[in-house]
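First the structure, in the form of structure tokens, and then the observations on it.
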Amino acid sequence: MNENELQELYEQSFHEIEPGTLIKGKVISVKENGMVVDVGYKSEGFISRDEFSESEMGQMRPGDVLEVYVQQLSDREGMVVLSRRKAVRIKAWERIEEAMGKEQPVEGVITGKTKGGLFVDVYGLKAFLPGSHAGVRVNEIDSFIGKSLMFKVLKTNNKHSTLVVSRKSLIDEERQKKKTETLKHLQEGAVLKGVVKNITDYGAFIDLGGIDGLLHISDMSWGRISHPSEMLKVGQETEVLVLKFDPENEKVTLGYKQKMPDPWGNVDEKYPAGTKVAGKVVSITDYGAFIKVEEGLEGLVHVSEMDWAPKPKHPSKYLQAGEEVEALVLKADKDERRLSLSLKQLKASPWQLVAENYAPGKPVSGKVKSVTDFGVFIGLPEGVDGLIHISDLSWTKHIKHPQEIIKKGQKLDAVVLSVEPEKERIALGVKQLKPDPWLEEIPQSLHLGDEVECKVLRLTDFGIFVEMQGEIEGLVYSSEAMKDEENPLREDDIIWARIIKIDLDNRKIGLSMKNVRAHHIQSEE
């Protein structure tokens, strides 16, 4: 007990204590059923335990001074009946009425929810906070329970213990005060501080102090961003530039990037073609990766500029977001606001290596990468593909499609026919691994009138394609074929035919089954 409290008790003892008054009392002892209090009267006072919470009872100690309400001067045991709860209520109402008179807010703790609003403990009194005056979104209410906040008193009725408070009214008043102050400085070109209030897909709303402004996504950065949340967070303080202000409608348009010079203004002078730059990968798409070269300036490395491979992989196979890389400027266009970059141009072109390592006549070996209707692509160690045209697969076979004799993944030997690095082409051949049989072998081994054993390859309307001596093909003209209705010819059958035409220039051999010594059809089996 301090000196002031002692003085109050001393002065109090000279006045008659009456029921219905508030007085000071000193705790003498704390008992199971309550506490004994000295109020300066001829008899001691008593406060029932149910006047206190468990925590309050646990904190009370002999010598503590507290304000109490006198209910009656004597009970059956001759003690003064006191009430702590009524004393608290009376003092609380006095503080509330004083706050209302001075138009000041009161402090309270949100204790729980009820139909249509919330309960608030204001100086020990149970107040009602209507939902429309809570000043928070419905989904945020739970997070405010237990918080101590300031409120404006809307309505009181001490007689009926009615107390209605509002947080929204207080917020609106505070906002109006801030708004009045903000409007003094709000003009186009002004740089103001604000707090991010809300974020949408198209921008962010900034609270400038009682008035909101829209910062559109297009005014956030000179560079490329896909969503405002990449730059801002709700509650974040930021500095913005007022681009437009409509006082009549109180509409404010804000900018962030405009605080800095446009990096695209001199991009062609600062980054001419051939310039080597360093930057960070900020995003990866199916068609390439964006590299941040400087604040607000991003360049695109197209997927075709990532690797010298004929068919580059997905950009994510070469780069990762956040990775630091070096690239070469291909083109800087300030009007189109485009900066084209390349990774592969910093590496030696595989076609340069091909030009150095390959010459016509050099033998090569590789796996078949793909088979098309016009030829076969072979993978070379330098990372490029060489083409074997369908016409360079065989000297003598009439091949309709390469897949008749070659499969993907098959290892194949070939020879270089030509190298054109400027056109990124290298031509290979398989048939050139052997001498051309039309130059010596066929003229020497086959003659007009020779009867030869043949294997049927294909049956067509205009004749029968056959194979002689292992791989030399010829055509039995339809007019020279022998037909047997009972035993029609089939593929892989063995027949005898006579050579009736040898055209070395056009590489064709014509045959006839007529007047052949062994003209009967023989099965290969």
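The values are calculated or read from the model by the stated rules, or taken from the named source; none is laboratory data. All values reported here derive from a predicted model rather than from experimental measurement. Reconstructed Cβ throughout: ideal geometry from the backbone, glycine too, with neighbour counts over all protein chains shown.
Structure data summary
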{"quantity": "Meets criteria (more than 27 Å from V164 (Cβ to Cβ) and of a type in the set (S, T, Y)) for S43", "calculated": "yes"}
{"quantity": "Selection count, segment 220-244, where residues are over 25 Å from E173 (Cβ atoms), without any contact (Cβ under 8 Å) to a residue 60 or more places away in the chain and within 24 Å of the chain's Cα centre (by Cα)", "calculated": "12"}
{"quantity": "Odd one out for A355, checked against (1) surrounded by 18 or more Cβ atoms within 10 Å (Cβ to Cβ); (2) in contact (Cβ under 8 Å) with a residue 60 or more places away in the chain; (3) closer than 30 Å to K408 by Cα", "calculated": "(1)"}
{"quantity": "Qualifying position, being of a type outside the set (A, V, I, L, M, F, W, C) and loosely packed, with under 13 Cβ neighbours inside 10 Å, among P272, P263", "calculated": "P272"}
{"quantity": "Failed item in (1) crowded, with 17+ Cβ neighbours inside 10 Å; (2) touching a His at 6+ places or on another chain (Cβ under 8 Å); (3) farther than 30 Å from K257 by Cβ, with Y123 passing the rest", "calculated": "(2)"}
{"quantity": "Residue in segment 477-500 that is more than 30 Å from P363 (Cα to Cα), touching a residue at least 40 places away in the same chain (Cβ under 8 Å) and among the acidic types (D, E) present", "calculated": "no"}
{"quantity": "Qualifying residues in segment 275-298 (those that are touching a helix residue (DSSP H, G or I) at 6+ places or on another chain (Cβ under 9 Å) and either small (G, A, S) or not assigned by TED's automatic domain parsing to the domain that holds R337 (or both)) - the one surrounded by the fewest Cβ atoms within 10 Å (Cβ to Cβ)", "calculated": "G296"}
{"quantity": "Out of V364, V376, sole residue that is surrounded by 18 or more Cβ atoms within 10 Å (Cβ to Cβ) and either not in a strand (DSSP E or B) or not aromatic (F, W, Y) (or both)", "calculated": "V376"}
{"quantity": "Pick from segment 325-352, criterion more than 15 Å from F290 (Cα to Cα) and among the small types (G, A, S), ranking: surrounded by the fewest Cβ atoms within 10 Å (Cβ to Cβ)", "calculated": "A348"}
{"quantity": "First in segment 85-107 and in contact (Cβ under 8 Å) with a residue 40 or more places away in the chain and of a type outside the set (D, E), second anywhere and part of a helix (DSSP H, G or I) and surrounded by 14 or more Cβ atoms within 10 Å (Cβ to Cβ), Cβ under 8 Å, 6 or more apart", "calculated": "P105/A99; P105/L170; V106/R95; V106/I96; V106/A99"}
{"quantity": "Residue that is surrounded by the fewest Cβ atoms within 10 Å (Cβ to Cβ), among those in segment 502-519 that are within 10 Å of L475 (Cα to Cα) and not small (G, A, S)", "calculated": "K508"}
{"quantity": "1 or more residues among the hydroxyl-bearing types (S, T, Y): qualifying strands (runs of 3 or more DSSP E) within segment 382-483", "calculated": "411-420, 451-460, 472-477"}
{"quantity": "Tally, over segment 110-144, of residues that are touching a residue at least 24 places away in the same chain (Cβ under 8 Å) and among the small types (G, A, S)", "calculated": "6"}
{"quantity": "Segment 164-189 residues that are in contact (Cβ under 8 Å) with a residue 60 or more places away in the chain and outside the structural domain of D246 (by TED's automatic domain parsing), paired with ones that are among the basic types (K, R) and surrounded by 16 or more Cβ atoms within 10 Å (Cβ to Cβ) (beta carbon under 9 Å, 6 or more apart)", "calculated": "L170/K152"}
{"quantity": "Any hit, segment 196-219, residues being within 25 Å of the chain's Cα centre (by Cα), closer than 24 Å to F290 by Cα, in a loop (DSSP other than H, G, I, E, B) and aliphatic (A, V, I, L, M)", "calculated": "no"}
{"quantity": "Whichever residue in segment 214-238 is of a type outside the set (F, W, Y) and in contact with a helix residue (DSSP H, G or I) (Cβ under 7 Å, 6 or more places away or on another chain) and, among such residues, is surrounded by the fewest Cβ atoms within 10 Å (Cβ to Cβ)", "calculated": "I225"}
{"quantity": "L393, sole failed condition from (1) more than 19 Å from I472 (Cα to Cα); (2) at pLDDT 90 or above; (3) buried (at least 19 other Cβ atoms within 10 Å of the Cβ); (4) not basic (K, R)", "calculated": "(1)"}
{"quantity": "Check on A321, in contact with a helix residue (DSSP H, G or I) (Cβ under 8 Å, 6 or more places away or on another chain), on the phi < 0 side of the Ramachandran plot and either outside the structural domain of F377 (by TED's automatic domain parsing) or part of a strand (DSSP E or B) (or both)", "calculated": "no"}
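Conditions tested, residue by residue: (1) in a strand (DSSP E or B); (2) touching a strand residue (DSSP E or B) at 6+ places or on another chain (Cβ under 8 Å); (3) modelled with pLDDT of 85 or more; (4) not charged (D, E, K, R).
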site	(1), (2), (3), (4)
D75	no, yes, no, no
V81	yes, yes, yes, yes
K86	no, yes, yes, no
I90	no, yes, yes, yes
E94	no, no, yes, no
K113	yes, yes, yes, no
V120	yes, yes, yes, yes
